Amino acid sequence: MPSDMLRDVKELIKAHGTPEREVYLDGENSGMVFPEALRAMVNAYRGLRFAHPSITHRAGWESYEALYEATETIAGFIGAEAGEITYTHSGTEANNLAIIGAALANKSGRRKIVVSSIEHLSVIFPAESLRKVGYKLVEVPVDREGFVEEEAFSNAIDRDVFLVSVAAVNHEIGTVQDLKGLVEIARDKNPDIIFHTDAVDALGRVKFDVRDLDVDMATLSSHKCYGPKGAGALYIRDGVKVEPILHGQLSTQRLWPGVENVPAIIGFAKAVELLDRNFDAYVARMRRLRDMLIEGIMSSVEHVILNGPRGARRAPDNVNVSFLFCEGEAITVELSLKGIYVSSGSACTSRVLEPSHVLLALGRLYEEAHGSILMKVSPMHSEDDIRYVLRHVPEAISRIRSISPIKGEVG
Ligand SMILES: Cc1ncc(COP(=O)(O)O)c(C=O)c1O
């Protein structure tokens, strides 16, 4: 890690006073944790359930028991069996295992992978890496709201396709795909395909059942559904062939070496239990806060574009708007001074100042993509939080526009 960056970061922190309130809306980059999930994780540490779950002593057996019970909870929430879950330590790792692991096991001779053009980079990059070993990657376009173009999708599926990967819910613009429809189209054209879905942003936001959707693999990430960081999971339908992509000492599972992060998985299961029990109430609350934020911004600031669909076709937590004649990074800094934490564009591109590939795929111009801000509400946010944000966004934008080098008809 560069030491000059540490110096800059210390200066930036010092420049912040004590804000009146703090509202964390950057759940895309790093999620908030339900207090109950955090407590479950801490209790697991206190109760020796950090022990290695495949070692033969009491602490190990108790760890194994807790791990198995957590797995039943997580698997049950998505309609899977415990034996169909493989843990990794993040969603990124699970997406890599799905794509590269399936390719390593692929003896069919089929060499085509089909993804949508707005997949998370932890899907696109491993899929691209397979080009080096002879795979062909097809990125299917989406419409202006991020829905996969069905005709182009259908045309992309032929007898040479071995793997398809389309996210159930887009992480940046909240588009809720008609995943079941896409699976049907794909299986109709080629019954031998493996269908993987990145369900990281679907969990707890939309009903998600692997059997109902008829998917073969699904990626989950604990911190993206209000569990602690350090736990990801890949659902692999019984019978689907995947090879390990990392090698080392195995524990309870065949596909991911090293000791399982049992306390984080216990926290993950607690978050899932809460999402399951309160699903309708949480979704209704997030939808209310989301719409309050969207309507409040659109009615108080000029020259704003909403990215992604509206209503039930949008994830209940997702707010993504482009402020024209502004740089997204300038907005994140300006709002940070008020204790409001949001992300600019995509999580993965914000450090290198590249416009988000998702927004460009919708047909947004570079300048529109550059001024985009992504906010995620959660069941832990309140209307007071949103009111506080709405009080500060207009002044932040007008300040940035007044000093911005990007001039349009305002500024
Ligand atoms: C859709 C999607 N997939 C995968 C990931 C990667 O998950 P993780 O942060 O657990 O590596 C993210 C993270 O933001 C995501 O939004």
| note | Counted residues in the range 101-143 being under 20 Å from the mean Cα position of the chain (by Cα) and aliphatic (A, V, I, L, M) come to 9
| field | Leading residue by the ranking (nearest to the ligand (Cβ to nearest atom)) among those in the range 21-71 that are under 30 Å from residue 382 (Cα atoms) and of a type in the set (D, E, K, R) | value | 28
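Taking the range 57-85, which residues are acidic (Asp, Glu), within 19 Å of residue 254 (Cβ to Cβ) and in contact (Cβ under 8 Å) with a residue 60 or more places away in the chain? So that I can check it myself, show each step before the final result.
Of the residues in the range 57-85, the ones acidic (Asp, Glu) are 62, 65, 69, 72, 81, 84.
Among the residues that remain, those that are also within 19 Å of residue 254 (Cβ to Cβ) are: 72, 81, 84.
Listed by number, the residues that qualify are 81, 84.
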| Criterion: at pLDDT 95 or above and touching a His at 6+ places or on another chain (Cβ under 8 Å) - qualifying residue of 37, 98, 105, 66 | 98
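Does residue 60 meet the test of being touching a His at 6+ places or on another chain (Cβ under 7 Å) and either surrounded by fewer than 18 Cβ atoms within 10 Å (Cβ to Cβ) or not in a loop (DSSP other than H, G, I, E, B) (or both)?
yes
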| request: Being of a type in the set (S, T, N, Q) and outside any loop (DSSP other than H, G, I, E, B) is the filter; apply it to the range 178-222 and report the residue that is nearest to the ligand (Cβ to nearest atom). | output: 221
| said: Being under 21 Å from residue 356 (Cβ atoms) and part of a strand (DSSP E or B) is the filter here; which residues of the range 139-174 pass it? | reply: 139, 140, 142, 148, 165, 169
| field | Residue ID - surrounded by the most Cβ atoms within 10 Å (Cβ to Cβ), chosen from residues in the range 298-330 that are more than 25 Å from residue 167 (Cβ to Cβ), touching a residue at least 40 places away in the same chain (Cβ under 8 Å) and of a type outside the set (D, E, K, R) | value | 326
| query | Taking the stated definitions as given, is residue 114 surrounded by fewer than 24 Cβ atoms within 10 Å (Cβ to Cβ), away from the ligand (no atom under 16 Å from the Cβ) and more than 23 Å from residue 369 (Cα to Cα)? | reply | no
| task | Take the residues in the range 87-96 that are surrounded by 24 or more Cβ atoms within 10 Å (Cβ to Cβ) and either among the polar types (S, T, N, Q) or near the ligand (Cβ under 7 Å from one of its atoms) (or both), then tell me which one is nearest to residue 224 (Cα to Cα). | result | 91
| query | Within the range 223-246, restricting attention to residues that are near the ligand (Cβ under 10 Å from one of its atoms) and of a type in the set (D, E, K, R), which residue is surrounded by the most Cβ atoms within 10 Å (Cβ to Cβ)? | reply | 224
| note | The lone condition residue 128 fails out of (1) of a type in the set (Asp, Glu); (2) free of Cβ contacts under 8 Å to residues at least 24 places away in the same chain; (3) under 17 Å from residue 240 (Cα atoms) is (3)
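The values are calculated or read from the model by the stated rules, or taken from the named source; none is laboratory data. Values in this document were obtained by computation on a predicted structure and should not be read as measured data. Virtual Cβ from ideal backbone geometry, glycine too; neighbours counted across all protein chains shown.
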